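Colleague: I'd like to ask you about the structure that follows.
The values are calculated or read from the model by the stated rules, or taken from the named source; none is laboratory data. All figures in this text were calculated on a predicted structure; none of them were measured in a lab. For neighbour counting, all protein chains shown are included, and Cβ atoms are generated from backbone atoms with ideal geometry for every residue, glycine included. Areas reflect the complete protein model, heavy atoms only, side chains present, ligands, DNA and RNA absent. Shrake-Rupley method; radii C 1.70, N 1.55, O 1.52, S 1.80 Å.
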Amino acid sequence: MIELPPFVIFYGAAIMVALLPHRLGQVILLATPLAGGLVLLGMTADATLQWNIMNLVLEPLRVDRLSLLFGYLFHIAAFLGVVFSLHLRDRLQSSASLLYAGSALGAVFAGDLLTLFFFWEILALTSAFLIFARKTERARRAGIRYLFIQVVSGGLLLAGTLMLYRESGSLAFNHIGLGTFASGLIFLAFGIKCAFPLLHNWLTDAYPEATVTGTVFLSAFTTKVAVYALARGFAGTEALVYIGAVMTCFPIFYAVIENDLRRVLAYSMINQIGFMVVGVGLGTALAVNGAIAHAFNEVIFKGLLMMSMGAVLYRTGKMNGSDLGGLYKSMPITTTLCIVGAASISAFPLFSGFVSKSMVMVAVLDEGHPVVWLALLFASAGVFHHAGIKIPFFAFFAHDSGIRTPEPPLNMLIAMSIAAILCVFIGSYPWLLYSLLPFEVNYVPFDRSHVLAQFQLLVFSAAAFAWLKISGIYPPELHATNIDVEWFYRRLAPRAVQRVGRLVSSTGDAAARALRGGNKSLMRSVFRHYGPEGTLARTWPTGSMVLWVAVLLAASLVLYYL
Amino acid sequence: MPEKKHLFDDPRNVRSVLWALIAVCGLLFAADFIFHRHVVHPWEALWGFYAVFGFIACTVLILVAKEMRKFLMRKEDYYDGDD
């Protein structure tokens, strides 16, 4: 049997969607994840495809239990995203979505680092289109910042890969582990895409600026490819336990005071990835299983939450908690589906988050990290507050904004319903998911102690919210920007450049004044060349550029012979 | 035409939800004295550990976040024109 890498199907379909008429395009959009899923189901966990190009062994397809699970997940996510965006009449966006999903599949089935790098970059490029497609100035700028950071991540990955290749002579992507400079570069590349603390801001900056449907795709793929890559390359790296613990805790503070509800979900996503990173860092069978299972569940429940907020944005044109409220009156179905997503992310027993997050929690205590465990417990209470309560409460309940709107289009409702059914199904019958995990599962999710403890934690968190809200202590939703790490590159750096620019020009002015006084003939000569009628002015800036390039080339030639 | 009354337009319904929440809190707290929870870490064994932790965690989270606004919050158009 010919082994067909899953990305080929998606790339082929993306080209057809871009060229064929709308109706046919819709059929292809729907058929792609279904056909791809069928092909994947026929694959065994040892399939491989290798190419030898110029003495390099490239492996565009390497199937094992880990990549297979992410493969299934990405097909489900692509299907949900496609159904949710079926009403779109935007070929570029539909086509970019398929290319993006295909690149994520290419990345998880890549058996070598060079192939991984290739898809890593295409992933960045195609996903940026989902941000640009919002067609606002804000989105354009956020998209450029996003793309820049993603390309830097790719650059680090390439540099690390080439150095690793020189050291070991192999491009194969297996366990890497920290220790050398090359592995550090790759770790950093994965860390950027995984939204490590201080490297996280691209996510909360760009995702909320993407289109209604684009954010649903974005939330599924990029960060989960990074979690996969960490699980493959850096499982058992202790630093990840602490990095992950910080990731679970700091974003929830931002989520509490953030007004844009999709940005709240973006912060919440970093919090959820934190749990996965901790699991990968512990590296035991239970912990890695928990991390991977949680990645699987998170794609679906975060997708559901993003879809429900997308539906609200689509119908009302608003996304700020302060402008919304009371929508349960006119969008009861969307409200219910959103609450299912909220219960899942909060890890209520019988909803999907519970069966996977608790594995990580148990593993943390088993491995003797009580402080990290307390941090994760704090984050668990926090996620219930900001994603479980805040999202549905401020969008659908709270004060009545007076907005009355119909339910979203049928395709959106169907996509959200499928996601909600999956959340409840996995939450009540986790054994199918467990059977697909990389290691054998001996974990009992519905143990009385766990269930009771989880209910106590959550219900008392809800009580705290209710008390603070009623007593008026709870901070109101406000129109505002909360500064984060991005302040350094969106405010400090541009201001510094401006200041240096001003300094240079004022020094230049002072120098010119001095020269005018001292040496008028030199100034006249400068004016002759650079003035409005001057030789160099006529062709500026290309003329001078060519001149300087020539000078640089000459200099490099001289240096070469030295 | 006046809009029909919705579920939470009636303050009595909101109050019932709150009473239900308090009742569930009471039951869950009492459950710690009835059932034995098996534990891995000694902290977990404390009576009402998860309940008290959940309540305090959520309160601390919100109060700290509220304080953070004092030095993190800027106008909505803060970055406009900068980048």
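Colleague: Kindly report, to the nearest 10 Å², the accessible surface of B:K75 as traced by a 1.4 Å probe over protein heavy atoms only.
Modeller: 150 Å²
Colleague: What per residue convex hull volume, in Å³, do the alpha-carbon atoms of the range A:1-82 yield?
Modeller: Spread over its residues, the Cα hull of the range A:1-82 gives 107 Å³ apiece.
Colleague: Net charge near A:E477, counting Lys/Arg +1 and Asp/Glu -1 over other residues with Cβ under 13 Å of its Cβ? Walk me through the numbers on the way to the answer.
Modeller: Working: positive: A:R263, A:K318, A:K390, A:K469, B:K66, B:R69; negative: A:E258, A:D260, A:D323, B:E76.
Combined, the nearby Lys, Arg, Asp and Glu give +2.
Colleague: Rounded to whole Å and sorted largest first, list the principal axis extents of the Cα atoms in the range A:87-178.
Modeller: The Cα atoms of the range A:87-178 stretch 48, 24, 16 Å along their principal axes.
Colleague: For B:K4, list the lysines whose Cα falls under 17 Å from its own Cα; do not include residues on the same chain fewer than 8 positions away.
Modeller: Filter leaves A:K329.
Colleague: Between A:T336 and A:D64, what length comes free when the chain is fully extended (0.36 nm per residue of separation minus the Cα-Cα distance, one decimal in nm)?
Modeller: Stretched fully, the A:T336-A:D64 segment lengthens by 94.2 nm.
Colleague: Using a Förster distance of 45 Å, how high is the FRET efficiency between B:V24 and B:R74, based on the Cβ-Cβ distance and rounded to 0.05?
Modeller: Efficiency for this residue pair is about 0.65.
Colleague: With a 1.4 Å probe on protein heavy atoms only, tell me which residues of the range A:327-365 lose at least 10 Å² of accessible surface in the complex relative to the chain by itself.
Modeller: With the partner chains in place, the range A:327-365 has these residues losing at least 10 Å²: A:Y328, A:K329, A:L365.
Colleague: By accessible area of protein heavy atoms, probe 1.4 Å, what ranking do A:R499, B:R69, A:R134 get, highest first?
Modeller: Descending accessible area places them as A:R499, A:R134, B:R69.
Colleague: Now for a different question. Among the lysines, select those whose C-alpha is under 23 Å from the C-alpha of B:K70, and discard any that sit fewer than 8 residues away in the same chain.
Modeller: Correct list for B:K70: A:K390, A:K469.
Colleague: For the range A:263-330, divide the Cα radius of gyration by the Kirkwood radius and give the resulting Rg/Rh value with two decimals.
Modeller: 1.16
Colleague: Hey, another quick one. Could you tell me, in Å, what Rg and Dmax come out for the Cα atoms of chain B?
Modeller: 21.4, 62
Colleague: Which value, to two decimals, describes the C-alpha radius of gyration of the range A:421-527 once divided by 2.2 N^0.38 Å?
Modeller: 2.53
Colleague: Here's another thing I want to ask about it. Taking H placed 1.01 Å from N in the peptide plane, check which residues at least 5 places from A:L61 or on another chain put their amide H under 5 Å from its amide H.
Modeller: When sequence neighbours closer than 5 places are left aside, the close amide H contacts are A:L49, A:G111.
Colleague: Heavy-atom accessible area per residue, the range A:40-171, 1.4 Å probe: how many Å²?
Modeller: 40 Å²
Colleague: Follow-up. Work out the FRET efficiency for A:D90 and B:A45 from their Cβ-Cβ distance, taking R0 = 45 Å, and round it to the nearest 0.05.
Modeller: Efficiency for this residue pair is about 0.20.
Colleague: Further question on the same structure: Mark the label point 7 Å from the Cα of A:E167 along Cα→Cβ and return the residues of the range A:79-116 whose backbone N is within less than 19 Å of it.
Modeller: A:112-116
Colleague: How large is the accessible surface of A:T237 in square angstrom, using a 1.4 angstrom probe and rounding to the nearest 10?
Modeller: Its accessible surface works out to 20 Å², give or take rounding.
Colleague: Excluding residues fewer than 8 places away in the same chain, name every one of the lysines whose C-alpha is closer than 29 Å to that of A:K520.
Modeller: Answer for A:K520, where 29 Å is the Cα cut-off: none of the lysines qualify.
Colleague: Please state the relative contact order of the range A:308-445 as a whole percent: Cα pairs under 8 Å, 6+ residues apart?
Modeller: With pairs under 8 Å counted, the relative contact order is 41 percent.
Colleague: Still on this model: If you roll a 1.4 angstrom probe over the protein chains with everything in place, what fraction of the accessible area of the protein assembly as shown belongs to carbon and sulfur, to the nearest %? Could you put the intermediate results ahead of the total?
Modeller: Values: 19340 of 27540 Å².
Accessible surface attributable to carbon and sulfur in the protein assembly as shown totals 70 percent.
Colleague: What value, in deg cm²/dmol to 500, does the helix sum -39500 (n - 2.57) over DSSP H runs of n ≥ 4 give at 222 nm once divided by the residues of the protein assembly as shown?
Modeller: -23500 deg cm²/dmol
Colleague: Which length gain, in nm to one decimal place, applies between A:N55 and A:I421 when the Cα-Cα distance is subtracted from 0.36 nm times their residue separation?
Modeller: So the extension gain works out to 126.9 nm.
Colleague: On the Cα set of chain A, report Rg and Dmax in Å, please.
Modeller: 26.4, 93
Colleague: How many square angstrom of accessible surface are buried between B and A, both sides summed, with a 1.4 Å probe and rounding to 100?
Modeller: That pair hides around 5300 Å² of surface in total.
Colleague: Leaving ligands, DNA and RNA out of it, rank A:L41, A:L86 by accessible area with a 1.4 Å probe, largest first.
Modeller: A:L41, A:L86
Colleague: Pulled fully out, how much extra length does the chain show between A:V485 and A:E407, if you take 0.36 nm times their separation in residues and subtract their Cα-Cα distance?
Modeller: Numbers: separation 78, 0.36 × 78 = 28.08 nm, distance 3.73 nm.
Value of the extension gain: 24.4 nm.
Colleague: Bin width 10 Å, alpha-carbon pairs only: give the P(r) of the range A:75-124 as whole percents, running from 0 to the bin holding the largest distance.
Modeller: Reading upward from the zero bin: 26, 46, 24, 5.
Colleague: I would also like to ask the following. Set the Förster radius R0 to 45 Å, insert the Cβ-Cβ distance between A:T44 and B:L63 as r into 1/(1 + (r/R0)^6), and round the FRET efficiency to 0.05. Present the calculation step by step, with values, prior to reporting the outcome.
Modeller: Values: r = 54 Å, r/R0 = 1.21.
According to the calculation, E is roughly 0.25.
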